[in-house]
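Okay, structure first, notes after.
Just so it is clear, none of the values below were taken in a lab; they were calculated from the coordinates. Just so it is clear, the structure is predicted and the values come from calculations on it, not from any experiment. All Cβ positions, glycine included, derive from the backbone under ideal geometry; neighbour counts span all protein chains shown.
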Amino acid sequence: MTNVMTVQTSRQRILAYLRLHNGVSTAEISRALRVTSANIRHHLAILVSDGRVQVLGARQGDGRGRRAQIFGLSDAAVGNNLAWLADSVLRKWLDVLPPESTEAALVTLANQVYADCESCRAMPNSPAAFSRRITHLMEHLNRIGYLARWEVHSAGPIIIFEHCPYAEIVAAHPELCRMDGLLLARKLGVGVEQTARLEKTSRGTSYCQFLIKPGR
């Protein structure tokens, strides 16, 4: 039996095996791939820590020792059809609406996305109150995956999303960007203009940006 597998191929082989044999122990993977159990445990620990593999449970091992952990692919590694489903639902919903009703429909959708942001309710129109509103709103957006922050610039405050929760379908549904802009405007009580959509940073990541225009 081989003592080690190269890092370049070892985890890919384990993942490939788990795709065909979900719910297996370290010993079973070791025998199938002809690699020591210690080596398999090392790579499984890394795959579990980075979210590609999960522990499904435990069962009695071959001997009288402790129960053996059972491993399988994580939901993230397996993937899902949520982007396809969301795309299909949006197309069916928006295609039957008359053009004059689209914006009201987007506001309704956005209200659902932000429905539990109790701290984002309107506050007195003062600089201090605005600062609290936008801070609470950023906290809520981060709970639902936007990686949001805000900065003060010469043109006015800007809101930056360093992650788009709808990235898989936003190219086909740019109205989702409009949805975000409408809700930022409604929650903050100001005018909002999108100034960047999935633009690349020097680090190779993408971001969206909205300029806040108080008084509009």
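Restricting to DSSP H runs of at least four residues, report the calculated mean residue ellipticity at 222 nm for the chain, -39500 (n - 2.57) per run over all residues, nearest 500 deg cm²/dmol.
On the way: 8 runs with 96 residues, N = 216.
After summing the helix terms and dividing by the residues of the chain, the value is -14000 deg cm²/dmol.
Label THR201 and LEU94 with points 7 Å out from Cα along Cα→Cβ: what is the distance between them in nm?
Going from the THR201 label point to the LEU94 one covers 2.7 nm.
Taking the Cβ of each residue in VAL24, VAL53 as the centre, tally the other Cβ atoms inside 10 Å and list the residues starting with the fewest.
Working: VAL24 20, VAL53 23.
If I rank by nearby Cβ atoms, fewest first, I get VAL24, VAL53.
Compute the length gained on full extension between ASN80 and LEU211: take 0.36 nm times their separation in residues and subtract their Cα-Cα distance, giving the result in nm to one decimal. Let's see the in-between values first.
Details: separation 131, 0.36 × 131 = 47.16 nm, distance 3.41 nm.
Going from the current span to full extension adds 43.7 nm.
Over the alpha carbons of the chain, what is the largest minus smallest coordinate on each principal axis, giving the biggest first in Å?
72, 41, 34
Could you tell me the convex hull volume per residue, in Å³, taken over the Cα atoms of the stretch 7-78?
Values: hull volume 6.0 nm³, N = 72.
Per residue, the Cα convex hull of the stretch 7-78 comes to 84 Å³.
Can you sort LYS213, LYS187 so the residue with the fewest Cβ neighbours within 10 Å comes first?
Least crowded to most crowded, the residues run LYS213, LYS187.
Excluding residues fewer than 8 places away in the same chain, name every one of the aspartates and glutamates whose C-alpha is closer than 16 Å to that of LYS213.
Excluding near neighbours in sequence, the set is GLU151, ASP180, GLU193.
Dipole of the chain, Cα-centred, from +1 at each Lys and Arg C-beta and -1 at each Asp and Glu C-beta, to the nearest 20 debye? Don't skip to the end; give the middle numbers.
Values: 26 positive and 18 negative charges, 195 e Å.
In total the dipole reaches around 940 debye.
For a footprinting-style exposure proxy, rank TRP150, TRP93 by other Cβ within 10 Å, fewest first. Intermediate values should be presented prior to the final figure.
On the way: TRP150 17, TRP93 11.
Least crowded to most crowded, the residues run TRP93, TRP150.
Towards the positive end of the charge dipole of the stretch 7-78, with charges on Cβ (+1 Lys, Arg; -1 Asp, Glu), say which of ILE40, GLY23, LEU73 has the farthest Cα.
Farthest towards the positive end: ILE40.
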